[in-house]
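To keep things clear, I will list the structure first and then write my remarks on it.
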Amino acid sequence: MTAAAIDARGLGKDFGALRALDRLDLEVGDGEFFGLLGPNGAGKTTTVHLLATLLAPSRGTARVAGHDVVEEGLAVRRGIGLVFQDTTLDRDLTVAENLRFAARLWSLPERVSRSRIDALLRQFDLLERRDDPVRALSGGMRRAADIARGILHEPRILFLDEPTAGLDPRARRSLWDRIRGLRAASRLTVLLTTHYVEEAEPCDRVAVLDHGRLVALGTPAELKQAAGVDSLEEVFLAHTGHPLTEADGA
Amino acid sequence: MRAVYGIVAREFLRFLRQRGRVVASIGRPFVWLVFAGAGFAGVFAGRNEIDYRVYMAPGLLGMVVMFGSLLAALSTVTDREAGVLRMMLVAPIRRSTVALGKALGATLLGTAQAVVVAGLLLPIVHLRPTLAGALLGLVAVVLSGLALGALGVVLAASIRSIENFAGVMNFVVFPMLFLSGALYPVGHLGPVLRAVAYANPLAYGVDLLKHALLGAWAGAGYGGELPVPLDCAALSLFAIAGLTIAASLLGREGGVTRTAFRQRP
């Protein structure tokens with residue numbers, strides 16, 4: 001039996017009186033493309049931060065990349081890449097300097113990181129911009145650099161938290177091409193959070209979250225079939241009684 | 001450790017890229033030398049044991065270290081607002097490594113600035129330290145930088161936002177400067193302020209710098225006021241305490257982590 005990439009049992013988090021995540025049971029297989037779908041405030045980002053050891057769970061446990069998120073935080077972080085909702089690049093440094101900084105944080109040997117950075121810059125069409133400060137880059141390029149930073153250490157699991165937020169349709173499309181390319185080239189497990197149904201559509205499986213609770217879980221086809229509807233949008237409506245988009249920004 | 005090196009290297013890259021910061025840090029002590037020096041030199045004109053500008057030199061170097069190290073460490077606040085801190089927190093390194101890297105980067109930045117300023121300032125005031133004095137001065141600068149850098153990380157981990165910088169400047173930086181012996185001997189302060197001064201890491205740094213640079217005037221009462229080992233011990237203690245507190249502040253979820261990952265309502 002191969003260990004699941006992610007295995008959460010009764011995972012939950014409270015912020016004061018706010019129950020951000022109730023009790024989440026979730027298993028994501030190796031190499032799976034997994035979507036967490038839900039409106040803002042559903043607990044998607046909290047889930048990602050718990051799985052990435054950035055928050056301590058209020059209850060429950062989780063193993064990520066074969067390690068416990070509470071007991072073995074360093075080992076978990078070694079096995080994952082995380083692309084945050086907002087860029088984490090240093091805007092004053094160049095693209096190459098940012099990647100070099102990340103390579104040192106992940107303790108990659110200089111020789112390895114140099115060739116890997118070159119390859120990633122080429123792969124993400126950033127070669128000509130490598131010596132430009134990040135602040136001079138378009139949103140789409142910044143996002144590409146963020147993802148390059150996230151996979152620099154060749155993680156087993158990549159978390160993408162609302163990766164297309166704030167991007168124009170063209171940048172969004174090219175981002176999806178890149179993610180598809182990445183998955184085709186390796187057995188990378190990808191956990192994506194989004195509140196756009198069309199982004200959850202190509203996922204192997206989707207977990208629907210609302211108000212910190214898991215309301216549905218399955219392949220997009222299963223979910224639609226079980227709810228007797230044609231779209232994930234309607235799946236969300238059928239399970240929660242309110243539409244996904246209207247809950248936006250609530 | 002490569003991660004610490006990476007954090008330190010980034011501090012230097014950022015500093016050199018911000019030209020205004022370079023000019024300010026090198027120019028600031030000379031502004032003080034000219035303006036404060038001219039005024040106080042007039043007040044002290046009747047006493048000719050020492051030129052006030054010479055007396056000021058160790059204090060000005062201490063000031064360079066303080067601004068250099070403290071401000072660099074306080075940039076942790078900017079890192080948090082810009083999101084860069086999250087890149088560090090998701091890396092497979094301990095929170096204490098992040099704290100150590102920031103404090104060490106601040107120390108080395110403060111030290112480099114002090115060395116450059118010393119090279120310009122000491123010839124201007126005709127101070128020629130002995131080799132032993134120069135080495136002791138370097139020790140003073142490094143230890144002060146470490147103590148103040150650690151303090152800066154502690155402050156940064158406790159400050160919520162960049163707006164509180166002004167408060168830090170008014171209630172930390174300036175009292176620290178005036179109660180450091182940089183401008184007048186600590187011994188001349190009243191007992192209460194003197195007690196406060198001895199809770200000030202910069203006071204020990206400036207005192208050590210006076211031992212290093214003003215040995216020739218020690219007999220006239222212008223040298224260091226405390227024993228050298230005490231200065232070194234106090235600075236080391238501040239550095240160790242600061243680093244320990246900074247690491248635990250960055251480590252606990254309610255510290256930087258919560259503000260870095262605060263849930264948007």
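The values are calculated or read from the model by the stated rules, or taken from the named source; none is laboratory data. Note that the structure is a prediction, hence the values are computed from the model and not measured. Note that each Cβ is placed from the backbone with ideal geometry, even for glycine, and that neighbours are counted across all protein chains shown. Quick note on the areas: whole protein, heavy atoms, side chains included, nothing else; ligands and nucleic acids left out. Shrake-Rupley method; radii C 1.70, N 1.55, O 1.52, S 1.80 Å.
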Look at segment B:67-85 and say how many of its residues are part of a helix (DSSP H, G or I) and open to solvent by less than 10 Å² (accessible area, probe 1.4 Å). 11
If I ask for residues that are assigned to a loop (DSSP other than H, G, I, E, B) and surrounded by 19 or more Cβ atoms within 10 Å (Cβ to Cβ), which ones from segment A:66-76 would you list? A:Val69
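I'd like the full set of residues that are modelled with pLDDT of 80 or more and outside any helix (DSSP H, G or I), limited to segment B:1-60.
Taking segment B:1-60 first, the residues modelled with pLDDT of 80 or more are B:1-39, B:50-60.
The answer is B:Met1, B:Gln18, B:Ile50, B:Asp51.
Scan segment A:123-130 and tell me whether some residue there is of a type in the set (Phe, Trp, Tyr) and more than 20 Å from A:Val28 (Cβ to Cβ).
Filtering segment A:123-130 for residues of a type in the set (Phe, Trp, Tyr) gives A:124.
From what is left, the residues that are more than 20 Å from A:Val28 (Cβ to Cβ) are A:124.
The answer is yes, given that some residue of segment A:123-130 is of a type in the set (Phe, Trp, Tyr) and more than 20 Å from A:Val28 (Cβ to Cβ).
Can you work out which of the residues in segment A:28-65 that are assigned to a strand (DSSP E or B) and under 15 Å from the mean Cα position of the chain (by Cα) is nearest to the other protein chains (Cβ to nearest Cβ)? Outline the logic, then answer.
Filtering segment A:28-65 for residues assigned to a strand (DSSP E or B) gives A:28, A:33-37, A:59-64.
Then drop every residue that is not under 15 Å from the mean Cα position of the chain (by Cα), which leaves A:28, A:33-37, A:64.
On the way: A:Val28: 18, A:Phe33: 21, A:Phe34: 19, A:Gly35: 21, A:Leu36: 16, A:Leu37: 18, A:Val64: 12 Å.
By that ranking, first place goes to A:Val64.
For (1) over 13 Å from the mean Cα position of the chain (by Cα); (2) free of Cβ contacts under 8 Å to residues at least 24 places away in the same chain; (3) closer than 25 Å to B:Ala38 by Cα; (4) open to solvent by 20 Å² or more (accessible area, probe 1.4 Å), each residue gets a yes or a no:
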| residue | (1), (2), (3), (4) |
| --- | --- |
| B:Gly145 | no, no, no, no |
| B:Ala150 | no, no, no, no |
| B:Gly167 | yes, yes, no, yes |
| B:Pro191 | yes, yes, no, yes |
| B:Ala203 | no, no, yes, no |
| B:His211 | yes, no, yes, yes |
| B:Ala216 | yes, yes, yes, yes |
| B:Gly224 | yes, yes, yes, yes |
| B:Ser236 | yes, no, no, yes |
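Within segment A:102-141, restricting attention to residues that are within 11 Å of chain B (Cβ to nearest Cβ) and in contact (Cβ under 8 Å) with a residue 12 or more places away in the chain, which residue is surrounded by the fewest Cβ atoms within 10 Å (Cβ to Cβ)?
To start, the set of residues in segment A:102-141 that are within 11 Å of chain B (Cβ to nearest Cβ) comprises A:102-110, A:113, A:133-135.
Still in the list and also in contact (Cβ under 8 Å) with a residue 12 or more places away in the chain: A:102-103, A:106, A:108, A:113, A:133-135.
Values: A:Ala102: 25, A:Ala103: 22, A:Trp106: 23, A:Leu108: 20, A:Ser113: 20, A:Pro133: 17, A:Val134: 20, A:Arg135: 11.
The selected residue is A:Arg135.
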Can you name the residue in segment A:92-101 that is out of contact with any strand residue (DSSP E or B) (no Cβ under 8 Å at 6 or more places or on another chain) and open to solvent by 10 Å² or more (accessible area, probe 1.4 Å) and, of all such residues, is nearest to the other protein chains (Cβ to nearest Cβ)? A:Glu97
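What do you reckon, is A:Asp161 touching a Phe, Trp or Tyr at 6+ places or on another chain (Cβ under 7 Å) and either acidic (Asp, Glu) or under 22 Å from A:Ala184 (Cβ atoms) (or both)? Steps first, please.
On the way: touching a Phe, Trp or Tyr at 6+ places or on another chain (Cβ under 7 Å): yes; either acidic (Asp, Glu) or under 22 Å from A:Ala184 (Cβ atoms) (or both): yes.
The answer is yes for A:Asp161.
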Please work out which one of (1) in contact with a His (Cβ under 9 Å, 6 or more places away or on another chain); (2) open to solvent by 10 Å² or more (accessible area, probe 1.4 Å) is the condition B:Val23 fails and give its number. (1)
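For the structure I just gave you, tell me whether A:Asp68 is in contact with a strand residue (DSSP E or B) (Cβ under 8 Å, 6 or more places away or on another chain) and more than 13 Å from chain B (Cβ to nearest Cβ).
Values: in contact with a strand residue (DSSP E or B) (Cβ under 8 Å, 6 or more places away or on another chain): yes; more than 13 Å from chain B (Cβ to nearest Cβ): yes.
Answer is yes for this residue.
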Filter segment A:26-42 for residues that are under 14 Å from A:Asp210 (Cα atoms) and open to solvent by 10 Å² or more (accessible area, probe 1.4 Å) and give the result. A:Asn40, A:Gly41
Per the filter on segment B:80-99, residues closer than 19 Å to A:Arg156 by Cα and either of a type in the set (Asp, Glu) or more than 7 Å from every other protein chain (Cβ to nearest Cβ) (or both) are none
Note down all Cβ pairs under 8 Å where the first residue falls in segment B:90-106 and is open to solvent by 10 Å² or more (accessible area, probe 1.4 Å), the second is outside any helix (DSSP H, G or I), and they're at least six residues apart or on different chains. B:Pro92/A:Trp106; B:Pro92/A:Ser107; B:Thr97/B:Met1
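I'd like to check something: does segment B:50-57 contain any residue that is within 11 Å of chain A (Cβ to nearest Cβ) and under 16 Å from the mean Cα position of the chain (by Cα)? Steps first, answer last, please.
To start, the set of residues in segment B:50-57 that are within 11 Å of chain A (Cβ to nearest Cβ) comprises none.
Checked against the condition, which is being within 11 Å of chain A (Cβ to nearest Cβ) and under 16 Å from the mean Cα position of the chain (by Cα), segment B:50-57 yields no hits at all.
Each row is one residue, and each column tells you yes or no for (1) of a type in the set (A, V, I, L, M, F, W, C); (2) touching a strand residue (DSSP E or B) at 6+ places or on another chain (Cβ under 6 Å); (3) under 30 Å from A:Val48 (Cα atoms).
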position: B:Glu81; (1), (2), (3): no, no, yes
position: B:Met87; (1), (2), (3): yes, no, yes
position: B:Pro92; (1), (2), (3): no, no, yes
position: B:Ala99; (1), (2), (3): yes, no, yes
position: B:Leu104; (1), (2), (3): yes, no, no
position: B:Leu127; (1), (2), (3): yes, no, no
Determine if segment A:77-91 includes at least one residue that is within 8 Å of chain B (Cβ to nearest Cβ), open to solvent by less than 30 Å² (accessible area, probe 1.4 Å), more than 18 Å from the chain's Cα centre (by Cα) and touching a residue at least 40 places away in the same chain (Cβ under 8 Å). yes
Restricted to segment A:1-25 and to residues being more than 14 Å from chain B (Cβ to nearest Cβ) and exposed (fewer than 15 other Cβ atoms within 10 Å of the Cβ), the residue nearest to the chain's Cα centre (by Cα) is A:Asp25
